[in-house]
Amino acid sequence: MPRTPSEFAVHLLLEGGHREEVRFATIQDFQKWYSGELVPKAASNDFISVPIKNIQGEYMVVRPLKVIGIRVEPLYSGSVDRY
């Protein structure tokens, strides 16, 4: 029986070597943001919002053109923190 992730960590690799991590409750939430916000504006230099669910009162914006890579990591509630 496969385990179900409790959330997904999305690592954004940005031009210039910066890395940011945001978390999504489900893979569908990530796919909705990715296909609805990031992909349509991929060649744009205008800012788009990146949802940050676990930090209240904080927000992040990125320029879609500067996102050079994305890694999606499933996280399980029983996972040991590796950092």
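Is it the case, given these coordinates, that residue 34 is under 30 Å from residue 2 (Cα atoms), more than 14 Å from the chain's Cα centre (by Cα) and in contact (Cβ under 8 Å) with a residue 24 or more places away in the chain?
Taking the combined requirement at face value, the residue does not satisfy it.
Give the residue that is nearest to residue 15 (Cα to Cα), with candidates limited to residues of region 35-51 that are of a type in the set (Ser, Thr, Tyr) and modelled with pLDDT under 95.
Across region 35-51, the extreme among qualifying residues is 44.
Which of the residues spanning region 37-65 are surrounded by 10 or more Cβ atoms within 10 Å (Cβ to Cβ), outside any helix (DSSP H, G or I), of a type in the set (A, V, I, L, M) and under 12 Å from the mean Cα position of the chain (by Cα)?
Matches in region 37-65: 50, 52, 60, 62.
Could you list all residues from region 1-26 that are exposed (fewer than 15 other Cβ atoms within 10 Å of the Cβ) and β-branched (Val, Ile, Thr)?
Answer for region 1-26, where residues must be exposed (fewer than 15 other Cβ atoms within 10 Å of the Cβ) and β-branched (Val, Ile, Thr): 4, 26.
Return the residues of region 44-66 that are of a type in the set (Phe, Trp, Tyr) and either over 25 Å from residue 7 (Cβ atoms) or in contact (Cβ under 8 Å) with a residue 12 or more places away in the chain (or both); say none if nothing qualifies.
Residue satisfying the conditions is 47 alone.
Collect the residues in region 67-83 that are within 20 Å of residue 18 (Cβ to Cβ) and either of a type outside the set (Lys, Arg) or modelled with pLDDT under 95 (or both), keeping them in residue-number order.
If the condition is that a residue be within 20 Å of residue 18 (Cβ to Cβ) and either of a type outside the set (Lys, Arg) or modelled with pLDDT under 95 (or both), then 67, 68, 69, 70, 72, 73, 83 are the ones that fit.
Sort out which residues of region 21-36 are of a type in the set (Phe, Trp, Tyr) and part of a helix (DSSP H, G or I), and write them in order of number.
Selection gives 30, 33, 34.
The values are calculated or read from the model by the stated rules, or taken from the named source; none is laboratory data. What you see is a predicted model, and the numbers here were worked out from it, not measured in a lab. Positions of Cβ are backbone-derived with ideal geometry, glycine not excepted, and every protein chain shown enters the neighbour counts.
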